[in-house]
Amino acid sequence: MMKSSPLRSRRSSLNFTFIRALAPLAAAFALSVALAASAQNDPAKDDHPSLPPGEGRDVMIRVCSQCHQAENVVGQELDEAGWKGIVDQMAANGADATEAELTQIVQYLAKAFPPKK
């Protein structure tokens, strides 16, 4: 049976100590990366909380945000014809959207911000 040399035993002990010291750091790093990744994909994080959910909301945000804040509509209360007039004006000013997307935006706005009764 071969005896391990004191140098080998010391080196092995240092390696073990080094690994034990790094383990918490590695775990903390892995946890921070995981948390950062989940925060980016967190559906609960809404950049536009003042815009109510509904079909067409994402299209409206994408199209309207090209020129102004999507929240500019908050507080306006129009019927579908009123929203269509505004959306048509934005399209004439260069809003980049298909006719189907513009229709979807009008429908979203009419449901989300209708006139008060």
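The values are calculated or read from the model by the stated rules, or taken from the named source; none is laboratory data. Note that the coordinates shown come from a computational prediction; the quantities given were computed from them, not determined experimentally. A quick note on method: Cβ atoms are made from the backbone with ideal geometry, for glycine too, and the neighbour counts reach across all protein chains shown.
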Would you please name the residue that is nearest to S65 (Cα to Cα), looking only at residues in the range 76-112 that are in contact with a helix residue (DSSP H, G or I) (Cβ under 6 Å, 6 or more places away or on another chain) and in a loop (DSSP other than H, G, I, E, B)?
A95
Pick out the one residue from Q66, Q76 that is within 30 Å of A110 (Cα to Cα), within 20 Å of the chain's Cα centre (by Cα) and either surrounded by 10 or more Cβ atoms within 10 Å (Cβ to Cβ) or at pLDDT 90 or above (or both).
Q66
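Criterion first (more than 16 Å from E55 (Cα to Cα) and exposed (fewer than 15 other Cβ atoms within 10 Å of the Cβ)) does V87 satisfy it?
Details: more than 16 Å from E55 (Cα to Cα): yes; exposed (fewer than 15 other Cβ atoms within 10 Å of the Cβ): no.
Considered against the rule, which asks whether it is more than 16 Å from E55 (Cα to Cα) and exposed (fewer than 15 other Cβ atoms within 10 Å of the Cβ), V87 comes out as no.
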Pairs with Cβ under 8 Å, 6+ apart, first in the range 34-55 and acidic (D, E), second at pLDDT 55 or above:
E55/Q104; E55/Q107; E55/Y108
Tell me which residues, restricted to the range 80-117, are free of Cβ contacts under 8 Å to residues at least 24 places away in the same chain and among the β-branched types (V, I, T).
I86, V87, T98, T103
